[in-house]
């Protein structure tokens with residue numbers, strides 16, 4: 001079923017025997033004598049004990065053989081106990097279709113972007129067609145751009161990707177016909193608290209988009225690092241594409257960066273076994289596996305919390321960022337009314353703004369903004385089609401001190417007024 005989606009590079013990938021033997025060893029009986037792998041002897045590890053204080057919980061203490069195991073090589077798919085926990089988490093959060101779930105696997109990656117990078121390496125060749133929205137996470141574009149892809153850009157609005165626009169893009173190909181060489185195989189989407197737009201795709205749109213993927217035989221890459229960073233009521237979370245999948249055509253990318261730690265560098269990919277195994281092959285020749293220590297620490301934390309404790313922590317995280325969002329929106333309402341257009345983000349970490357009075361925000365942000373001691377991201381960084389001017393900009397409400405939101409929006413307002421006057425007087429903006 002999946003052979004047509006696999007790139008030439010991925011099709012040529014073969015398992016690393018050393019890595020395969022490592023996985024066999026992990027499940028070997030105690031009497032097995034391991035002479036196959038070049039594992040460093042843990043007696044020479046200089047670390048003897050690690051203690052991590054946990055907010056509202058018991059310390060995590062690793063020592064002796066437990067610490068030695070946490071500092072040793074792991075099978076490429078991940079720490080066995082963590083994989084069990086992630087499977088339970090996905091079942092609880094997404095209640096996937098039983099038939100699809102029976103052929104679903106999980107691999108732990110060094111952050112969700114590492115998983116994305118391996119997935120695109122698996123799926124696209126030079127010049128491949130890729131379906132994306134008109135604004136896309138810049139890290140994803142950095143992964144794809146070296147392949148010189150053909151971007152098929154779908155329009156979006158305050159509700160995210162527009163299904164009618166997707167259908168219009170796809171209508172140039174016949175439904176399900178695999179013989180056309182220029183036919184795209186992959187749709188990439190960031191459905192929850194999208195970076196950069198902050199949009200939250202409704203269940204109605206998700207169903208329409210998924211059905212179009214079925215009709216046109218597309219794989220859907222569900223990049224969802226902000227799934228646990230939504231600002232609506234808990235019982236109103238729209239179902240994920242994984243939960244809607246009945247044909248095994250969704251690869252889902254999750255991250256612990258936004259809810260546990262970005263530096264811990266852990267994400268995980270959930271999807272059809274055949275595709276997950278291909279991602280594993282790409283990992284075998286690069287990172288070998290995600291950080292053993294990070295995986296063991298995270299697994300210990302999840303053991304302590306359980307699913308209920310994890311959800312309680314997620315609620316705290318969402319409440320924290322919701323308050324910060326509200327403060328930034330209030331500052332924007334105060335200083336930017338009449339200068340910019342924006343919608344209140346329903347998830348994520350960003351306020352996405354359009355400046356109708358400007359043809360481009362690039363120089364205002366990259367030159368004059370830095371000189372005025374305010375840093376934002378120009379919208380052009382998120383465009384698949386870099387040649388176009390862009391009136392948008394992105395402000396993050398995640399890390400700057402809350403008391404600085406008001407002066408930041410005041411500085412931005414001053415910048416915009418000066419830029420409008422400059423461009424109106426023929427100053428122009430070169431863009432990228």
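The table below gives the values:
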item: Evaluation of residue 213 against (1) free of Cβ contacts under 8 Å to residues at least 40 places away in the same chain; (2) surrounded by 17 or more Cβ atoms within 10 Å (Cβ to Cβ); (3) under 19 Å from the mean Cα position of the chain (by Cα) (one fails), failing number; result: (3)
item: Residue in region 333-351 that is touching a strand residue (DSSP E or B) at 6+ places or on another chain (Cβ under 8 Å) and in a helix (DSSP H, G or I) present; result: yes
item: Which listed residue is surrounded by fewer than 21 Cβ atoms within 10 Å (Cβ to Cβ), touching a helix residue (DSSP H, G or I) at 6+ places or on another chain (Cβ under 6 Å) and at pLDDT below 95, from 57, 64; result: 57
item: Within region 324-337, tally of residues that are more than 14 Å from residue 404 (Cα to Cα) and without any contact (Cβ under 8 Å) to a residue 40 or more places away in the chain; result: 2
item: Condition check for residue 324: assigned by TED's automatic domain parsing to the domain that holds residue 91 and closer than 29 Å to residue 396 by Cα; result: no
item: Residue within region 278-286 that is farther than 15 Å from residue 91 by Cα, part of a loop (DSSP other than H, G, I, E, B) and assigned by TED's automatic domain parsing to the domain that holds residue 104 present; result: yes
item: The listed residue being farther than 20 Å from residue 302 by Cβ and assigned to a helix (DSSP H, G or I), out of 47, 120; result: 120
item: Residues (over 18 Å from residue 167 (Cα atoms), at pLDDT 95 or above and out of contact with any helix residue (DSSP H, G or I) (no Cβ under 7 Å at 6 or more places or on another chain)) located in region 191-237; result: 192, 193, 194, 195, 197, 198, 199, 200, 224, 226, 227
item: Qualifying residue in region 8-16 (condition: outside any loop (DSSP other than H, G, I, E, B), touching a residue at least 24 places away in the same chain (Cβ under 8 Å) and under 30 Å from residue 235 (Cα atoms)); result: no
item: Among (1) buried (at least 24 other Cβ atoms within 10 Å of the Cβ); (2) not in a strand (DSSP E or B) - the single one residue 221 does not satisfy; result: (2)
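Residue-wise test of (1) outside any helix (DSSP H, G or I); (2) farther than 25 Å from residue 321 by Cα; (3) under 21 Å from the mean Cα position of the chain (by Cα); (4) modelled with pLDDT under 95.
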site	(1), (2), (3), (4)
386	yes, yes, no, yes
394	yes, no, yes, no
403	no, no, no, no
407	no, no, no, no
413	no, no, no, no
418	no, yes, no, yes
427	yes, yes, no, yes
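The values are calculated or read from the model by the stated rules, or taken from the named source; none is laboratory data. Just so it is clear, the structure is predicted and the values come from calculations on it, not from any experiment. Cβ coordinates were reconstructed from backbone atoms using ideal geometry, including for glycine residues, and neighbour counts include every protein chain displayed.
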